[in-house]
1. Does GLN146 satisfy the condition of being surrounded by fewer than 11 Cβ atoms within 10 Å (Cβ to Cβ), modelled with pLDDT of 90 or more and part of a helix (DSSP H, G or I)?
2. Only one residue in GLN123, GLN95 is open to solvent by 100 Å² or more (accessible area, probe 1.4 Å) and not charged (D, E, K, R). Which one?
3. With part of a loop (DSSP other than H, G, I, E, B) and more than 30 Å from ALA40 (Cα to Cα) as the only criterion, which of GLU103, GLU125, GLU98, GLU110 stands out?
4. If you check GLY53 against the conditions, is it closer than 30 Å to ALA37 by Cα and not polar (S, T, N, Q)?
5. Restricting to the range 98-120, what's the tally of residues that are over 34 Å from the mean Cα position of the chain (by Cα) and loosely packed, with under 10 Cβ neighbours inside 10 Å?
6. Among the residues that make up the range 54-69, is at least one of them open to solvent by 100 Å² or more (accessible area, probe 1.4 Å) and either among the aliphatic types (A, V, I, L, M) or modelled with pLDDT of 90 or more (or both)?
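The values are calculated or read from the model by the stated rules, or taken from the named source; none is laboratory data. Computed from a prediction, not measured in an experiment: that's the story for all the values here. Glycine also receives a Cβ, built like all others from the backbone with ideal geometry; neighbour counts cover every protein chain displayed. All accessible areas refer to the heavy atoms of the entire protein, side chains included, with ligands and DNA or RNA removed. Shrake-Rupley method; radii C 1.70, N 1.55, O 1.52, S 1.80 Å.
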Amino acid sequence: MRLTRLAALILSIFLSALAFGQVRVQIPPPTQLTELAPSAIEAKLAGLDGIEGLDDATRAEIRDTLTKSLEQARRAEANAKAAAQFRQSVDTSPQQLEAIRKELASPPKEPSLDLPEGATLQQVEQALTQATSALASARQVLTDLQAE
């Protein structure tokens, strides 16, 4: 019995020593990320029917996966465009803020009448209508900006 235990102990020590020296093979991370453009996925979808040797269930599963991938790629493109616009807004906002501050620092302009000498009542009413319309659109812009 002792001999069996001793043999088992020696064998386990020997095997653990062998295992200790082994190095796990590690797959290095990809050096370059691959991006799938929607056009590439659309091309794969178009060529799916031309692949021979696929049964209908596999073909349907691949089509479903490619369709989902296409939606994700389109969403990723839209998000990238939005992110670029946000970055641009962040970059240009200090200049815009400075321009607005300068504009607000200057005194308001006195309203002027652009009526010709001897204007008729109809011309004055028309000018008033145009000014009222411009005021209403300016107020709408103000309301929209305040809502943001």
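1. On the way: surrounded by fewer than 11 Cβ atoms within 10 Å (Cβ to Cβ): yes; modelled with pLDDT of 90 or more: no; part of a helix (DSSP H, G or I): yes.
Answer is no for this residue.
2. On the way: GLN123 fails: open to solvent by 100 Å² or more (accessible area, probe 1.4 Å).
Within the list GLN123, GLN95, the selection yields GLN95.
3. Details: GLU103 fails: part of a loop (DSSP other than H, G, I, E, B); GLU125 fails: part of a loop (DSSP other than H, G, I, E, B); GLU98 fails: part of a loop (DSSP other than H, G, I, E, B).
Step by step, each of GLU103, GLU125, GLU98, GLU110 is checked, and only GLU110 is part of a loop (DSSP other than H, G, I, E, B) and more than 30 Å from ALA40 (Cα to Cα).
4. Numbers: closer than 30 Å to ALA37 by Cα: yes; not polar (S, T, N, Q): yes.
Answer is yes for this residue.
5. Going through the range 98-120, the residues over 34 Å from the mean Cα position of the chain (by Cα) turn out to be 104-120.
Those left that are additionally loosely packed, with under 10 Cβ neighbours inside 10 Å: 104-114, 116-118.
Residues that pass the stated criteria total 14.
6. Initial filter on the range 54-69 (open to solvent by 100 Å² or more (accessible area, probe 1.4 Å)): 56, 61, 68.
Now narrow it down to the ones that are either among the aliphatic types (A, V, I, L, M) or modelled with pLDDT of 90 or more (or both): 61, 68.
Yes; the residues of the range 54-69 include at least one that is open to solvent by 100 Å² or more (accessible area, probe 1.4 Å) and either among the aliphatic types (A, V, I, L, M) or modelled with pLDDT of 90 or more (or both).
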